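One structure below.
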Amino acid sequence: MSGVDLAWLRMERATNRMTIVGVLILSGRVRHDQLRALVKERLLRFERFRELPVHDALGTHWQSDPHFSLEAHVRPLKLPPRAAQTQLEAAVSKLASAQLDPRRPLWQIHLIEHYRKGSAVIARFHHCYADGIALMRVLLSLTDPAPAAAPATSACKSRVTAENSPGLLSLIAPLTNLAGSAISVMQRAGQGAADLVGASLHTLAHPDQAAAIARQVAVASRELADIALLPEDTATPLKGQLGVHKQMAWGDPLPLLEVKTVAAALGCTINDVLLATAAGALGAYLRRGGANIDGVVIRALVPVNLRTIEEQPKLGNEFGLVFASLPIGERNPLARLYAVHHDMEKLKHSSQAIVALWLLTAMGLLPGLVEDRAIELFTSKASVVVSNVPGPRQPLYLAGARIEQQFFWVPQAGSIAVGISLLTYDGRVHFGFSADRNLISKPREVARRFAEEFEKLLLCAVTGPLATQLS
């Protein structure tokens, strides 16, 4: 197992399960036998999903499950008759809070055959198997571009590339260029000591690359020092003692065309608009609860894909993390947007994401106790995780049923209690919110405010600065 995948495996805690959770809401009915056949035919082509992490004297490695049973991984789930969104959210929350069986490969897919007029699917995958970009491709392999068509496996290759993404993947070019050959050496190092020796010999044989690597290491060292010197994040109700229960919620999706229009009109990126909207939703919720947050800025850990634009996603984790500022205490929606925009422009020219990937790789190679302390130190500097994953631009079908909505939730690590997940699909941006029940008792209120805060920015784009008086 690679160092970075092992790091995610060892981050598992009762207070923060390292599970990526996804929900598909379908317009038509899907039977359990149909879904199981699809998973057998398409998902199990990835041999990794028949394997589980095994620890022995030599370390941690992937091993085939000798007792693999598809029935243990594709499970039926029933909701009460006429179940509404609240009942589905409760089911997702319960599953997200539960540990995956460590005796089996760490994933499960649950089918609710009767949900409203169609069906629903809840999927759980441990983060050590793959990141969000890779898992998006895996889930798309189960879908078709039409009710009766060839699998969308080949089509999904283009749908999840950076050029189609409205999110943080726009950072990919400057970050990968900055890394240069240094990241290649670090990736080799993450595979073990023998590969590290090989990488060092390669560097000695190519002195022209050694100078470039030395420069990148110097940049990375400065970035690492800056991260280490960051103080703990601002004390707000988003930080506190974690429990063992997560609560998931989602809000109404936003039309992607409107988000693009607002970004263009205000001279910002789509990602700036979405981050500012998320900051506004959090701030409005906390202010409504009586918190004094005027002028408060918190940090968000934001995953950044580090695959090259040409590289097709594969299983495993290949992303870094950046600390983005969320001005939750700024009431003026335009001022909030431009504060986010200014911060994101600076991050585009930093190497934070690559340094974070190196740190995660190193953590997986160090004793678990050292990793625990490093994770606590790292996560104390942020209050929320915000992830933005690009999905397909056209509607897709699962076993003949159209996928109407898609949501996902990334796990939080260490002391972080809140997660915000954005997924674009079929011309809309879907917003998922997760939080520790000890700290946020009504996550649906945050999810509901996401659309409200976007409407304020839309109004600003249409009517100009006078609209900020309404904020």
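Structure notes:
- Any chance Leu254 is over 23 Å from Lys94 (Cβ atoms) and touching a residue at least 12 places away in the same chain (Cβ under 8 Å): yes
- Of the listed requirements (1) under 19 Å from Ile20 (Cβ atoms); (2) surrounded by fewer than 22 Cβ atoms within 10 Å (Cβ to Cβ), Glu258 misses just one: (1).
- Qualifying residue in segment 60-68 (condition: buried (at least 22 other Cβ atoms within 10 Å of the Cβ) and either of a type outside the set (S, T, N, Q) or farther than 30 Å from His245 by Cβ (or both)): no
- Matching entry among Val23, Val30 (being in contact (Cβ under 8 Å) with a residue 40 or more places away in the chain and either in a strand (DSSP E or B) or among the aromatic types (Phe, Trp, Tyr) (or both)): Val23
- Against the numbered list (1) outside any loop (DSSP other than H, G, I, E, B); (2) crowded, with 23+ Cβ neighbours inside 10 Å, Ala362 comes up short only at (2).
- Scoring Phe378 on the criteria (1) assigned to a strand (DSSP E or B); (2) at pLDDT below 95 leaves a single failure, condition (1).
- Residue in segment 57-66 that is under 30 Å from Thr86 (Cα atoms), within 25 Å of the chain's Cα centre (by Cα) and modelled with pLDDT of 95 or more present: no
- Filter result for Ala72 (small (Gly, Ala, Ser), surrounded by fewer than 19 Cβ atoms within 10 Å (Cβ to Cβ) and within 25 Å of Gln405 (Cα to Cα)): no
- Pairs with Cβ under 8 Å, 6+ apart, first in segment 324-347 and assigned by TED's automatic domain parsing to the domain that holds Ala278 and among the β-branched types (Val, Ile, Thr), second part of a strand (DSSP E or B) and surrounded by fewer than 20 Cβ atoms within 10 Å (Cβ to Cβ): Val340/Ser325
- Scan of segment 324-354 for residues that are buried (at least 19 other Cβ atoms within 10 Å of the Cβ), aliphatic (A, V, I, L, M) and under 20 Å from Arg287 (Cβ atoms), ordered by number: Leu326, Ile328, Leu334, Leu337, Ala339, Val340
- In segment 366-384, residue surrounded by the fewest Cβ atoms within 10 Å (Cβ to Cβ) [restricted to those that are aliphatic (A, V, I, L, M) and closer than 23 Å to Ser2 by Cα]: Leu369
The values are calculated or read from the model by the stated rules, or taken from the named source; none is laboratory data. Owing to the predicted nature of the structure, the values given are computational and were not obtained by experimental measurement. A quick note on method: Cβ atoms are made from the backbone with ideal geometry, for glycine too, and the neighbour counts reach across all protein chains shown.
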